1. Taking trypsin sites (Lys or Arg not before Pro) as candidate sites, keep only those in a DSSP loop with at most 10 other Cβ atoms within 10 Å, then name the longest stretch of the chain containing none of them.
2. Cα axis of helix 69-84 to longest principal axis of the chain: angle in degrees, 0 to 90, nearest 10?
3. Pulled fully out, how much extra length does the chain show between residue 84 and residue 62, if you take 0.36 nm times their separation in residues and subtract their Cα-Cα distance?
4. Which order do 12, 60, 34 take when ranked by solvent-accessible area (1.4 Å probe, heavy atoms of all protein chains), largest first?
5. Would you mind getting me the FRET efficiency between residue 32 and residue 11? Use the beta-carbon distance for r and R0 = 35 Å, nearest 0.05.
6. Between the helical axis of 17-28 and the dominant principal axis of the chain, each derived from Cα atoms, what acute angle in degrees is found, rounded to the nearest 10?
7. Taking 24 Å as the cut-off for C-alpha to C-alpha distance, list the pairs among 17/82; 11/62; 17/45; 14/72; 45/82 that go past it.
Amino acid sequence: MGIKPKYTQCKSPKWTKEDIEAYSWCINHGVLISAVATGPGMYIKSWYIQVVAKGKTIMSPKTYGPDEIYSKILELYMFYYKQNTNKNG
């Protein structure tokens, strides 16, 4: 028998009230951000970030590991939220 590979556990960030507000605003205004695996299979350890906004799809130039992918996605939701509202603080 061989050694079974382990599934990659991604680190989930703590959501604040402002994070939820930014996420909700983005979803309601057509800004969709997701993780895209760098290859096929179930044991992927790096992902690109894909942003779909205003009919355009943008893929991140770099990849992110399991410890940073979701916090970076939250950061991007906050960026788009602040950029398109008066909440620049």
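1. On the way: sites that count: 6, 14, 54, 62.
Longest stretch, sites excluded: 15-53.
2. 10
3. Working: separation 22, 0.36 × 22 = 7.92 nm, distance 2.46 nm.
Here the segment from residue 84 to residue 62 would lengthen by 5.5 nm.
4. My answer, sorted largest first, is 12, 34, 60.
5. 0.95
6. Between helix and principal axis, roughly 90 degrees.
7. As for pairs spanning more than 24 Å Cα to Cα, those are 17/45; 45/82.
The values are calculated or read from the model by the stated rules, or taken from the named source; none is laboratory data. This is a predicted model, so every value here is computed, not measured. Reconstructed Cβ throughout: ideal geometry from the backbone, glycine too, with neighbour counts over all protein chains shown. When the accessible area is computed, the model is the full protein with side chains, heavy atoms only, and any ligands, DNA or RNA have been set aside. Shrake-Rupley method; radii C 1.70, N 1.55, O 1.52, S 1.80 Å.
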